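The values are calculated or read from the model by the stated rules, or taken from the named source; none is laboratory data. Note that the structure is predicted; figures quoted are calculated from it, not measured. When we count neighbours, we look across all protein chains shown, and the Cβ atoms used for this are built from the backbone with ideal geometry, even at glycine.
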There are 2 protein chains.
Amino acid sequence: MALHRRVADEMKSAVAEGVYAVGSSLPSESELAQRYGVSRGTIRQAFALLVAEGVVASRQGARRVVVADTRTQSFGQLHSFSLWARSIGAVPSGRVVRLERRPATAVEVGQLELSAGDLVFFLTRLRLLDDLPVMIERTAYPDRIGELITATAAESGSLTDQIEAHGFVFAQAEHVIDAVAATAEDARLLEVGRRAPLLRARRRTRDPSGLVLESSEDRYAADAVAFLVHNSAEVNTMSRFTSS
Amino acid sequence: MALHRRVADEMKSAVAEGVYAVGSSLPSESELAQRYGVSRGTIRQAFALLVAEGVVASRQGARRVVVADTRTQSFGQLHSFSLWARSIGAVPSGRVVRLERRPATAVEVGQLELSAGDLVFFLTRLRLLDDLPVMIERTAYPDRIGELITATAAESGSLTDQIEAHGFVFAQAEHVIDAVAATAEDARLLEVGRRAPLLRARRRTRDPSGLVLESSEDRYAADAVAFLVHNSAEVNTMSRFTSS
DNA sequence: GAGTGGTCTAGACCACTTG
DNA sequence: AAGTGGTCTAGACCACTCT
């Protein structure tokens with residue numbers, strides 16, 4: 001583990017434990033550098049992480065201030081339904097609705113950055129927390145990933161684990177988030193009314209070299225889940241689009 | 001403007017202009033350092049911005065790769081409806097539904113980090129793009145901000161401009177995004193059906209020192225707007241919550 | 001083995017706040 | 001005026017990719 005990552009984690013723990021209260025000031029960079037026995041640059045790297053996560057506010061000339069003790073979820077927890085479920089103390093499960101291997105549609109060719117005629121695995125799963133239906137996941141995998149997928153694995157739990165076990169690394173993702181009305185199938189599976197509001201997240205995940213590993217459309221029952229996003233003037237990872 | 005910011009902007013322009021195609025590799029850090037006449041550290045600062053915005057993928061040992069030419073919106077565009085509207089070539093307008101000054105509710109005291117009994121300005125506005133209703137904005141301002149707000153300013157355009165003109169700086173924000181069904185008032189104002197799905201973004205904005213400047217609940221017509229969020233294993237600004 | 005990005009250090013100067 | 005964070009430099013070593 002990198003030094004700056006370790007420092008950041010320790011600072012975050014200290015905030016969570018109340019050593020530094022929300023609203024209070026933090027020690028200066030030079031003091032922390034001395035305390036941890038690292039250079040000022042390493043302390044700054046650590047703070048860059050905390051600022052991005054919205055834990056700390058920074059302004060020139062003044063000490064940094066704690067603004068929240070939000071323990072941001074790891075990228076892994078955001079990516080894997082199973083991991084996330086366990087982290088909040090719920091029991092995740094999945095029910096395979098459809099699993100097929102077929103030529104990619106034009107849209108999928110674009111999404112997965114394939115060539116025309118390439119095969120994809122397409123999986124529709126209902127995801128449950130403590131046996132309550134929460135989300136419908138419709139995911140397209142390029143063939144090289146898809147061939148790792150079996151119906152039994154999809155039923156029992158985490159495909160993410162399965163895929164990572166074969167050496168694929170999920171490194172970055174983009175999410176397009178909007179609201180839609182439930183279709184007949186959505187309503188039946190999620191046990192909500194027809195046309196009920198659903199939170200939709202269309203996700204595309206890449207490995208460290210930028211190759212697309214999956215493209216998914218997730219639909220959450222409206223009262224089940226929300227997303228929290230933090231952004232700042234320095235680093236902004238969020239934008240707003242007209243979808244029409 | 002900081003050197004690394006300038007380098008990042010130039011790289012982004014180069015990608016947008018096709019100098020570096022999506023999918024292709026970028027020059028090495030040392031080559032860019034020489035070309036721009038800066039140190040390697042500055043080039044790395046520039047790339048940190050581009051990686052956070054999802055323009056570039058990075059992995060140890062290999063050259064960086066261009067993964068998208070998404071021109072991420074600035075923090076300002078994300079924050080100001082007026083600025084955003086103009087940036088996409090639409091004409092923004094606003095209609096004040098309610099504007100009141102009153103003691104903060106318990107929830108608002110928490111949201112705005114006030115003390116019990118403090119006053120807030122509460123503004124409900126319908127926002128339109130090219131005269132089409134798109135969003136309802138219900139915003140609470142602490143008194144020191146709210147006293148800058150007049151009904152005429154709220155009608156004519158950007159309160160953000162108004163507030164910034166008085167020296168307040170919007171530095172960071174957190175957004176909780178989910179889906180809700182339209183209430184009777186929502187439906188009437190947005191001209192959608194009762195119980196139509198709406199995309200809801202609850203936003204809290206802070207100044208550089210961490211003070212809360214506003215707390216807002218925005219409801220978008222489902223087919224009007226979507227949010228795009230980019231995240232990565234290194235820096236993750238997004239998380240998923242059970243809202244129940 | 002050469003090249004590249006990831007990490008860390010030490011030091012310098014500046015802009016800003018008031019610890 | 002002192003302290004603090006923001007920026008930039010130069011150099012070092014390591015882990016990893018690539019051919």
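Tabulated data for the structure shown
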item: Leading residue by the ranking (farthest from the other protein chains (Cβ to nearest Cβ)) among those in segment B:23-51 that are away from DNA strand D (no atom under 13 Å from the Cβ) and closer than 20 Å to A:Ser239 by Cβ; result: B:Leu50
item: Pairs where the first residue, in segment B:21-38, is within 11 Å of DNA strand C (Cβ to nearest atom) and the second is assigned to a loop (DSSP other than H, G, I, E, B), C-beta under 9 Å, 6+ apart; result: B:Leu26/B:Tyr20; B:Pro27/B:Tyr20; B:Leu32/B:Leu26; B:Leu32/B:Val38; B:Ala33/B:Ser39
item: Selection within segment A:200-214 - closer than 27 Å to B:Gly61 by Cβ, part of a strand (DSSP E or B) and either more than 9 Å from chain B (Cβ to nearest Cβ) or more than 14 Å from the chain's Cα centre (by Cα) (or both); result: A:Arg204, A:Thr205, A:Val212, A:Leu213, A:Glu214
item: Answer from B:Ser87, B:Ser80, B:Ser158 - the residue that is within 18 Å of the chain's Cα centre (by Cα), more than 13 Å from chain A (Cβ to nearest Cβ) and closer than 21 Å to A:Asn236 by Cβ; result: B:Ser158
item: Lone qualifier among B:Gly61, B:Gly54, B:Gly18 - being more than 12 Å from DNA strand D (Cβ to nearest atom) and either charged (D, E, K, R) or within 14 Å of chain A (Cβ to nearest Cβ) (or both); result: B:Gly54
item: Enumeration of residues in segment A:7-22 that are more than 16 Å from B:Val235 (Cβ to Cβ) and part of a helix (DSSP H, G or I); result: A:Glu10, A:Ser13, A:Ala14, A:Val15, A:Ala16
item: Considering residues of segment B:1-15 that are more than 14 Å from chain A (Cβ to nearest Cβ) and crowded, with 17+ Cβ neighbours inside 10 Å only, the residue farthest from DNA strand D (Cβ to nearest atom); result: B:Met11
item: Counted residues, segment B:138-158 - those being touching a residue at least 24 places away in the same chain (Cβ under 8 Å) and surrounded by 16 or more Cβ atoms within 10 Å (Cβ to Cβ); result: 11
item: Evaluation of B:Asp178 against (1) modelled with pLDDT of 95 or more; (2) surrounded by fewer than 19 Cβ atoms within 10 Å (Cβ to Cβ); (3) farther than 22 Å from B:Leu114 by Cα; (4) of a type in the set (D, E, K, R) (one fails), failing number; result: (2)
item: Qualifying position, being part of a strand (DSSP E or B) and either out of contact with any helix residue (DSSP H, G or I) (no Cβ under 8 Å at 6 or more places or on another chain) or assigned by TED's automatic domain parsing to the domain that holds A:Ile149 (or both), among A:Val229, A:Val192, A:Val235; result: A:Val229
item: Selection within segment A:148-201 - of a type in the set (Lys, Arg) and either in contact with a Pro (Cβ under 6 Å, 6 or more places away or on another chain) or under 19 Å from A:Gln77 (Cα atoms) (or both); result: A:Arg200
item: Members of segment B:65-87 that are farther than 30 Å from A:Asp207 by Cα, in contact (Cβ under 8 Å) with a residue 24 or more places away in the chain and touching a strand residue (DSSP E or B) at 6+ places or on another chain (Cβ under 7 Å); result: B:His79, B:Phe81, B:Ser82, B:Ala85
item: Residue tally, condition in a loop (DSSP other than H, G, I, E, B) and either under 25 Å from B:Leu199 (Cα atoms) or within 14 Å of chain A (Cβ to nearest Cβ) (or both), over segment B:119-155; result: 2
item: Hits in segment B:206-244 - residues which are within 16 Å of DNA strand C (Cβ to nearest atom), among the hydrophobic types (A, V, I, L, M, F, W, C) and surrounded by fewer than 18 Cβ atoms within 10 Å (Cβ to Cβ); result: B:Ala233
item: In segment B:179-199, the residues that are of a type outside the set (Gly, Ala, Ser), more than 9 Å from chain A (Cβ to nearest Cβ) and on the phi < 0 side of the Ramachandran plot; result: B:Thr183, B:Glu185, B:Asp186, B:Arg188, B:Leu189, B:Leu190, B:Val192, B:Arg194
item: Strands (runs of 3 or more DSSP E) within segment A:33-117 that include 1 or more residues outside the structural domain of A:Ala173 (by TED's automatic domain parsing) and surrounded by fewer than 21 Cβ atoms within 10 Å (Cβ to Cβ); result: A:56-59, A:62-66
item: Residue tally, condition part of a helix (DSSP H, G or I), touching a Leu at 6+ places or on another chain (Cβ under 7 Å) and within 26 Å of B:Thr237 (Cα to Cα), over segment A:161-186; result: 2
